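The values are calculated or read from the model by the stated rules, or taken from the named source; none is laboratory data. Remember, it's a predicted structure, so these values are computed and weren't measured experimentally. All Cβ positions, glycine included, derive from the backbone under ideal geometry; neighbour counts span all protein chains shown. Heavy atoms of the whole protein, side chains included, go into the accessibility calculation; ligands, DNA and RNA do not. Shrake-Rupley method; radii C 1.70, N 1.55, O 1.52, S 1.80 Å.
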Amino acid sequence: MMRRLYQLNRSVPTADEYAEMLEIEEKWLGTRVSELTASAPRFTSRTALFTALSERLRDEEAAGSQAEAYLAEQATLEQFKVVVGEFAVDGLVESLSHLPIVPRLPHRAGMAVFRVLIDELGCGNVEQAHSQLYRELLAELGMSTELESYVDNGNEESYAYVNLFHWLARRAPAPETFLGAYAYFEASVLYAFKCYAAAAKRLGVRNDKYYTEHLYIDDFHSKQMRTALMELDAERGLDLAKVWAGVELTSEIAAAATEAAVAKAREVAP
C-alpha cells in the first residue's frame with residue numbers, strides 16, 4: 001500500500017488515481033490522526049506546547065533506541081549501505097515534497113518554513129543541496145545515485161516516511177499538523193542523525209556531510225519552525241491539538257522507518 005502511494009505521489013495522477021490516493025491516505029492516516037488529535041494534552045498556550053515538545057525531545061534523546069545504538073556501534077559497512085539505500089527514496093529528493101505547504105500558510109509563517117527549505121536546497125548552490133550530499137555519499141559507497149534504482153525495493157516503512165510529508169504538505173486538512181510534524185522532525189534530527197554520523201566515521205566513510213550538516217544546520221531550522229508556529233498563531237490562532245498530532249505522528253513513523261531499515265540490514269547483510 002505504501003509503495004503504491006509513493007508511486008502516486010511521484011506522478012501526475014488521473015482523477016481515478018487521485019481518488020485512489022485519497023482512499024489509501026484515509027485508511028492509513030484518517031483514524032490515527034483523529035485519535036492523536038483527540039488524545040492531545042489540553043495545552044493552555046503555545047508556550048505550554050513548546051515546553052511539552054522540548055520535554056519530549058529530551059526524553060527521546062535520553063532513551064535512544066537499540067536500532068540507533070547498533071547502527072552507531074556495530075553495523076558493518078554492508079549493513080550501513082543497506083540503511084543508506086533504504087532512505088535514498090527520501091535523501092535523493094529531500095524536502096521537495098514540503099514545498100506545497102508554503103502557499104497554504106500566511107505570509108510570515110510561510111516565509112519561516114521557506115527559509116528552512118532554501119537551506120535544504122543548498123541556497124541555490126547545487127553542491128550544497130542536501131540531495132547532492134546524499135548523492136556523494138551513495139557514490140562513495142559504490143551505490144547508484146539514481147532515484148529509480150531504489151523505488152521498487154524499499155520497506156513499507158520507508159515509503160511511509162516519505163508519503164507522510166506529501167500528505168502533510170498537500171492534503172492534511174490543517175497546516176498546523178505539518179508545522180507540528182516539521183518542528184518535531186527538525187529538532188529530533190539533532191540527535192537522531194548522530195548514530196548515522198558515528199557509523200560513517202567508524203567505518204571510514206569520508207562523504208558524511210549529509211549527516212554532519214544536519215547536526216549543524218537543524219538547530220537553526222528547529223528555531224525557524226517554532227517561528228512559523230508563532231507567526232501562524234499571531235495571524236489566526238493555533239489549533240494546538242492538531243500541532244501535537246503532527247508531532248506524535250511523525251515521531252512514530254520516523255522511528256518505525258529507522259527500526260525497519262536496521263532490521264533489514266541485519267537480515268540481508270549479517
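Only one of E259, E235 is in contact (Cβ under 8 Å) with a residue 40 or more places away in the chain, in a helix (DSSP H, G or I), touching a helix residue (DSSP H, G or I) at 6+ places or on another chain (Cβ under 8 Å) and within 17 Å of G64 (Cα to Cα); which?
Values: E235 fails: within 17 Å of G64 (Cα to Cα).
None of the other options fit; the residue is E259.
Which one is farthest from S39 (Cα to Cα) among residues in the stretch 214-234 that are buried (at least 17 other Cβ atoms within 10 Å of the Cβ) and among the charged types (D, E, K, R)?
D218
Do you know which residues across the stretch 59-73 are under 16 Å from E252 (Cα atoms) and of a type outside the set (A, V, I, L, M)?
Of the stretch 59-73, the ones under 16 Å from E252 (Cα atoms) are 59-61, 63-68.
D59, E60, E61, G64, S65, Q66, E68, listed by residue number.
Pairs, please: C-beta under 7 Å, at least 6 apart or cross-chain, first residue farther than 17 Å from L92 by Cβ and in the stretch 199-212, second not in a helix (DSSP H, G or I)?
So the pair list comes out as A199/A75; A200/D208; K201/D208.
Could you list, in sequence order, all residues of the stretch 177-198 that are of a type outside the set (F, W, Y), open to solvent by less than 20 Å² (accessible area, probe 1.4 Å) and in contact (Cβ under 8 Å) with a residue 40 or more places away in the chain?
T177, L179, G180, A181, A183, E186, A187, S188, C195
For the stretch 110-168, which positions are in a loop (DSSP other than H, G, I, E, B), touching a residue at least 60 places away in the same chain (Cβ under 8 Å) and either charged (D, E, K, R) or touching a strand residue (DSSP E or B) at 6+ places or on another chain (Cβ under 8 Å) (or both)?
Within the stretch 110-168, D152 is the sole residue that qualifies.
Filter the stretch 240-261 for residues that are open to solvent by less than 10 Å² (accessible area, probe 1.4 Å), under 30 Å from F80 (Cα atoms), over 13 Å from the mean Cα position of the chain (by Cα) and of a type outside the set (G, A, S) and give the result.
None - no residue of the stretch 240-261 is open to solvent by less than 10 Å² (accessible area, probe 1.4 Å), under 30 Å from F80 (Cα atoms), over 13 Å from the mean Cα position of the chain (by Cα) and of a type outside the set (G, A, S), so the list stays empty.
To keep it simple, each residue is scored yes or no on (1) open to solvent by 80 Å² or more (accessible area, probe 1.4 Å); (2) farther than 20 Å from K264 by Cα.
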| site | (1), (2) |
| --- | --- |
| E26 | yes, yes |
| F50 | no, yes |
| E55 | yes, yes |
| A75 | no, no |
| S95 | no, yes |
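Among the helices (runs of 4 or more DSSP H) confined wholly to the stretch 1-107, which include 1 or more residues that are touching a Cys at 6+ places or on another chain (Cβ under 6 Å) and closer than 16 Å to A257 by Cα?
Ranges flagged: 66-73.
Looking at the stretch 138-146, is at least one residue open to solvent by 20 Å² or more (accessible area, probe 1.4 Å), of a type outside the set (D, E) and in contact with a Phe, Trp or Tyr (Cβ under 8 Å, 6 or more places away or on another chain)?
We begin by selecting, within the stretch 138-146, every residue open to solvent by 20 Å² or more (accessible area, probe 1.4 Å); these are 139-140, 142-146.
Checking the rest, the ones that are also of a type outside the set (D, E) come to 139, 142-145.
After this cut, where a residue has to be in contact with a Phe, Trp or Tyr (Cβ under 8 Å, 6 or more places away or on another chain) as well, the list is 144.
For the stretch 138-146, residues open to solvent by 20 Å² or more (accessible area, probe 1.4 Å), of a type outside the set (D, E) and in contact with a Phe, Trp or Tyr (Cβ under 8 Å, 6 or more places away or on another chain): present.
Can you name every residue in the stretch 86-109 that is in contact (Cβ under 8 Å) with a residue 40 or more places away in the chain and among the β-branched types (V, I, T)?
V89, V93, I101, listed by residue number.
For the subset of the stretch 27-70 comprising residues that are among the hydroxyl-bearing types (S, T, Y) and within 25 Å of N163 (Cβ to Cβ), which member is nearest to the chain's Cα centre (by Cα)?
Just the residues of the stretch 27-70 that are among the hydroxyl-bearing types (S, T, Y), to begin with: 31, 34, 37, 39, 44-45, 47, 51, 54, 65, 70.
So of that shortlist, the ones also within 25 Å of N163 (Cβ to Cβ) come out as 31, 34, 37, 39, 65.
On the way: T31: 21, S34: 21, T37: 20, S39: 23, S65: 17 Å.
Ranking the candidates gives S65 first.
Does G237 satisfy being surrounded by fewer than 22 Cβ atoms within 10 Å (Cβ to Cβ) and over 22 Å from R104 (Cβ atoms)?
For G237, the condition - surrounded by fewer than 22 Cβ atoms within 10 Å (Cβ to Cβ) and over 22 Å from R104 (Cβ atoms) - is not met.
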